[in-house]
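The values are calculated or read from the model by the stated rules, or taken from the named source; none is laboratory data. Just so it is clear, the model here is predicted, and its values are computed rather than measured. Note that each Cβ is placed from the backbone with ideal geometry, even for glycine, and that neighbours are counted across all protein chains shown. To get the accessible areas, we keep the full protein, side chains included, count just its heavy atoms, and leave off ligands, DNA and RNA. Shrake-Rupley method; radii C 1.70, N 1.55, O 1.52, S 1.80 Å.
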Amino acid sequence: MSGRILPIVGYVALALVVIASVLTWRFLSAAGYFTGIRQEIAADCRAIPAAPGPEDIAIDHERGVAYVSAYDRRAVMSAEPGTDAVRGGIYAIDLNAPQADWALRPVTAPEPQDFRPHGISLHVGADGARRLFAVSHPAAGPETVEIFDIAEDGSLSHARSVTSDAFISLNDVVGVGPESFYATNDHGSRSGLTNTVTDFLLLRNSTVVYFDGEKAEEAADTILYANGINVSPDGETVYVASALGMSLYIYDRDKETGALTGRDNVRLGTGIDNIDVQPDGTLLMGAHPNVIAFLSHASDPAELSPSQVVRIDPQEKKAGTIYLNLGEEISGISVAAGYGDKMLLGQVFQPEVLVCSQSTELKSY
């Protein structure tokens, strides 16, 4: 009997090794581990000092102000004593000033005290009233979307905190009304271990949540690591980045009900992070061509992570990479926000924002 059992055990072990190998190759391939970068695509860039982790940027084109969200993620990840007190902030750049004078100035409201902003969004109402929406990951308590009123001088005052059982693992937000918004859950669980396993298995358990001012409901599902989200200038189209899916989801939006209907999924072959929609409707996206390198950079600043900017013209159905760096100029990019012929590049960890020239050359897709 034992002689029969040993071959069976060997076959089972071999099968497990094969399955594990296939799953590992599948994940590494999806995460861009085998992606080769033959040539960088340069832009004329200069760095502006910033708080650590200027992860997202929203631009008020009418007033000429860029809002930057930042907090020191590496300090929080270290779990050293006192890290619970780490607070993030919102900063403003006066884009009307000479470019040589562009600098970040703090405009954060005093409340909430445990504010740690992630994705942000600017909403301008029909009456000109401005509000800033920000995903926040407080040290204790549930994740929130914080809503701020914006004064004429660009300073923020806290208007409302929104929480919901539908907020599981918030990443980004886009305001579509004074108190209504869409937000992405990049994972389907609050457990870090579970999320690691689902990422490895490439499970499509991310969602988009719609908050109508009173309640939050799921608006889209079956997305692989939903990341950035934004809306077209006419409010009729919602764009969602799939970081591990390396694609862009496009939804038709019912402006009355907030319902989303899938229209397209554009495969881009790079890990898209945040999405900036420019006034002409074109999209700029910070992206990670090698997600594995980004994970290494997260744990060690010396490990460089390639950074890419993808530009899409939805009307002409054209797309292209307008910036690509191996990580020496900017490592772990998270956002590219356009302003005229310039773009502002943010990153997840390092204390700099880059101001670069913006190319408009695109190819059909």
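Numbers below:
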| read-out | value |
| --- | --- |
| Failed criterion for residue 75 (all others in (1) of a type in the set (Gly, Ala, Ser); (2) in a strand (DSSP E or B); (3) without any contact (Cβ under 8 Å) to a residue 24 or more places away in the chain hold) | (2) |
| Residue 326 being open to solvent by less than 60 Å² (accessible area, probe 1.4 Å) and either modelled with pLDDT of 95 or more or more than 16 Å from the chain's Cα centre (by Cα) (or both) | no |
| Hits in segment 346-362 (condition: in a strand (DSSP E or B) and among the polar types (S, T, N, Q)) | 347, 357 |
| In segment 317-345, the residues that are outside any strand (DSSP E or B) and closer than 29 Å to residue 264 by Cβ | 317, 332, 340, 341 |
| Qualifying residue in segment 38-46 (condition: of a type in the set (Val, Ile, Thr), under 24 Å from residue 345 (Cα atoms) and open to solvent by less than 30 Å² (accessible area, probe 1.4 Å)) | no |
| Flag for residue 184 being touching a residue at least 24 places away in the same chain (Cβ under 8 Å) and either touching a strand residue (DSSP E or B) at 6+ places or on another chain (Cβ under 6 Å) or over 20 Å from residue 346 (Cβ atoms) (or both) | yes |
| Sole exception among (1) open to solvent by less than 20 Å² (accessible area, probe 1.4 Å); (2) of a type in the set (Val, Ile, Thr); (3) under 15 Å from the mean Cα position of the chain (by Cα) for residue 250, by number | (3) |
| Whichever residue in segment 225-238 is assigned to a loop (DSSP other than H, G, I, E, B), of a type outside the set (D, E, K, R) and without any contact (Cβ under 8 Å) to a residue 60 or more places away in the chain and, among such residues, is nearest to residue 188 (Cα to Cα) | 225 |
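Rundown of residues vs (1) out of contact with any helix residue (DSSP H, G or I) (no Cβ under 6 Å at 6 or more places or on another chain); (2) in a strand (DSSP E or B); (3) modelled with pLDDT under 95, yes/no style:
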| residue | (1), (2), (3) |
| --- | --- |
| 249 | yes, yes, no |
| 261 | yes, yes, no |
| 269 | yes, no, yes |
| 279 | yes, no, no |
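Here's the yes/no breakdown for (1) of a type outside the set (Asp, Glu); (2) buried (at least 22 other Cβ atoms within 10 Å of the Cβ); (3) not in a loop (DSSP other than H, G, I, E, B):
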| site | (1), (2), (3) |
| --- | --- |
| 210 | yes, yes, yes |
| 221 | no, no, yes |
| 240 | yes, yes, yes |
| 244 | yes, yes, no |
| 255 | yes, no, no |
| 265 | yes, no, yes |
| 287 | yes, yes, yes |
